[in-house]
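The values are calculated or read from the model by the stated rules, or taken from the named source; none is laboratory data. The structure presented is a predicted model; accordingly, all values stated were derived computationally and were not measured. No Cβ is skipped: glycine too gets one built from the backbone with ideal geometry, and neighbour counts run over all protein chains shown.
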Amino acid sequence: MSRNRVSFVCRECGHVEPKWLGRCPQCGQWNSLEERTQAAGGGGRGKGTSDTARGGRSTAEGQASIVRLSAVATDEHPRLPSGFDELDRVLGGGVTPGSSVLVGGEPGIGKSTLMLQCAGALAARGVLYVSGEESPHQIRRRADRIGVAGDRIQTLAGTGLSSVLHALESVKPAVCIVDSVQTLHDPEAGAVPGTVNQIRYCCYELADWARNHNTALFLVAHVTKEGVIAGPKVLEHMVDTVLYFEQSESDVRILRAVKNRFGATDEIGVFSMRERGLTQVSDPSSLFLVHRDGKLPAGVVAAPVYEGSRVLLVEIQALTVPAKGGVSRTFSDRIDSGRVSRVAAVLEKHAGIRFSDQDLYVNVAGGMRIAEVGVELPLAMALFSARTGRPLPEKATVTGELSLAGEVRPVPHLRRRVRAAHEFGFTHCFGPAAARDEAGGSENWTRISTVGECIAGLW
């Protein structure tokens, strides 16, 4: 008589333990191990179910042949235009046939709208739209609202993995969109949809089918309360590209790639949500600047930052107030709080301005997240301005990396930063002296070597 085997699976990373633990040894999450029951001798596919019928590889794993790398055929498959130049930029030049793309974001941010608009642009090549959350009637109503013709878009409303694979075998589309991957379910992976086992199993089956049939696969995924895709390590390792949809404080949506096997990961796509769906913002250079009629307040600095292949002008805002209870804290969600604390420590050491008794608040106007090193010197000037109450001169901008020794280090693409700032009316630019040759000898470029020189030049 066979007995059922009990194991405990982490819902965050999929790690398996034979007994329950309070903390997952793989990802460190507390209370994330959930009990799973599996029949003895199970774990494989059911009897009578072949790999081909389940959408798996047609060749058995034990019969795989060894091929010399130089003998592998390199047939080029042209990329498919998605209908959005901004999305094509993030994907690395278009939709790659046979690739699997994971699109994540908060509820209501526009993931389904973007995918439906892409389906309309790619409909002539054959599109299968699988929806586990909406009925075909709801999809049709959204398509009519945003002006997408549904003549060549095949829809499937269901959550069963077997029905999705059967539809793929029947339609053989060039593009398949699954909205969302958390709703897919297969009895072999458990009884509850949305678990780590279900997501891993269903994602693998679909990605493997798409890779073998040269079909571009888009998987829409929800995010957890921490702001990451549910089951992040499981899904991110199994797909080719991971895209995150971020929402700024306005109607602007930012699409960012955190993993891309077919392009760069530092590109961003900028969209705007309108009544008839998403529209792309082809020139977002000054989109994140605040236009004022009066004087510039203290704690505000305009900075040219380099995102992907273009320069964006952003406004960094800083505020310092006396710490409550004698313990200083840093509040910053658009720039890493650790970077803010480090820049404040450099100012305290090399500029003589005390921040250890202050609460620091840092924001980027428009909700843009910035991670590049060229934001460090502008951040330092914003903190200095907020602490002293002295605003920056009009039409002045700052860029540069700040070292722990108080030195200003060069940043890439300095010439483009200066040119972009000059085009938007900034007459004085302050940046690293080490980039003298790259700046091209521009007269409106003030070269500084230390944070002290920057403070003296601005004030």
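Overview of values
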| read-out | value |
| --- | --- |
| Qualifying strands (runs of 3 or more DSSP E) (wholly inside segment 237-282; at least 2 residues being over 15 Å from ASP88 (Cα atoms)) | 241-247, 252-260, 268-274 |
| Hits in segment 175-211 - residues which are of a type in the set (Val, Ile, Thr) and surrounded by fewer than 21 Cβ atoms within 10 Å (Cβ to Cβ) | THR183, VAL192 |
| Filter result for ALA382 (under 23 Å from GLY457 (Cβ atoms) and buried (at least 23 other Cβ atoms within 10 Å of the Cβ)) | yes |
| Matching residues in segment 83-109 - criterion: being farther than 23 Å from ASP208 by Cβ and either assigned to a strand (DSSP E or B) or in contact with a helix residue (DSSP H, G or I) (Cβ under 8 Å, 6 or more places away or on another chain) (or both) | GLY83, PHE84, LEU87, GLY105 |
| Residue tally, condition without any contact (Cβ under 8 Å) to a residue 12 or more places away in the chain and acidic (Asp, Glu), over segment 286-308 | 1 |
| For VAL171: the one exception among (1) over 27 Å from the mean Cα position of the chain (by Cα); (2) modelled with pLDDT of 95 or more; (3) aliphatic (A, V, I, L, M) | (2) |
| Given (1) in a helix (DSSP H, G or I); (2) surrounded by fewer than 23 Cβ atoms within 10 Å (Cβ to Cβ); (3) of a type in the set (Gly, Ala, Ser), number of the condition ALA371 does not satisfy | (1) |
| Test set (1) touching a residue at least 60 places away in the same chain (Cβ under 8 Å); (2) out of contact with any Lys or Arg (no Cβ under 8 Å at 6 or more places or on another chain); (3) outside any helix (DSSP H, G or I) - VAL411 fails condition number | (2) |
| Residue count for segment 5-20, restricted to those that are more than 16 Å from LEU235 (Cβ to Cβ), under 32 Å from the mean Cα position of the chain (by Cα) and either assigned to a loop (DSSP other than H, G, I, E, B) or not hydrophobic (A, V, I, L, M, F, W, C) (or both) | 1 |
| Whichever residue in segment 145-198 is assigned to a strand (DSSP E or B) and touching a residue at least 40 places away in the same chain (Cβ under 8 Å) and, among such residues, is farthest from VAL6 (Cα to Cα) | VAL175 |
| Members of segment 309-339 that are in a loop (DSSP other than H, G, I, E, B) and either free of Cβ contacts under 8 Å to residues at least 60 places away in the same chain or farther than 30 Å from ILE268 by Cβ (or both) | ALA323, VAL327, SER328, ARG329, ASP333, ARG334, ILE335, ASP336 |
| Subset of segment 389-407 [without any contact (Cβ under 8 Å) to a residue 60 or more places away in the chain and either buried (at least 24 other Cβ atoms within 10 Å of the Cβ) or among the aliphatic types (A, V, I, L, M) (or both)] | GLY400, LEU402, ALA405 |
| Sole exception among (1) assigned to a helix (DSSP H, G or I); (2) out of contact with any strand residue (DSSP E or B) (no Cβ under 8 Å at 6 or more places or on another chain); (3) among the aliphatic types (A, V, I, L, M) for ALA405, by number | (1) |
| Residues that are under 21 Å from LEU102 (Cβ atoms) and of a type in the set (Asp, Glu), drawn from segment 145-179 | ASP179 |
| Count of segment 96-126 residues which are of a type in the set (A, V, I, L, M) and under 23 Å from ILE199 (Cβ atoms) | 8 |
| Selected residue (criterion: surrounded by the most Cβ atoms within 10 Å (Cβ to Cβ)) from residues of segment 111-165 that are at pLDDT 90 or above and of a type in the set (D, E, K, R) | LYS111 |
| Only listed residue being exposed (fewer than 14 other Cβ atoms within 10 Å of the Cβ), at pLDDT below 95 and at positive phi, chosen from GLY98, GLY62, GLY108 | GLY108 |
| Single residue of segment 296-307 satisfying the filter (at pLDDT 85 or above and either under 18 Å from ARG256 (Cβ atoms) or out of contact with any helix residue (DSSP H, G or I) (no Cβ under 6 Å at 6 or more places or on another chain) (or both)) that is surrounded by the fewest Cβ atoms within 10 Å (Cβ to Cβ) | PRO297 |
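Let's see how each residue does on (1) farther than 21 Å from LEU402 by Cβ; (2) touching a helix residue (DSSP H, G or I) at 6+ places or on another chain (Cβ under 6 Å); (3) not β-branched (Val, Ile, Thr):
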{"residue": "ASP266", "(1), (2), (3)": "no, no, yes"}
{"residue": "LEU289", "(1), (2), (3)": "yes, no, yes"}
{"residue": "GLY294", "(1), (2), (3)": "yes, no, yes"}
{"residue": "SER309", "(1), (2), (3)": "yes, no, yes"}
{"residue": "ALA318", "(1), (2), (3)": "no, yes, yes"}
{"residue": "VAL340", "(1), (2), (3)": "no, no, no"}
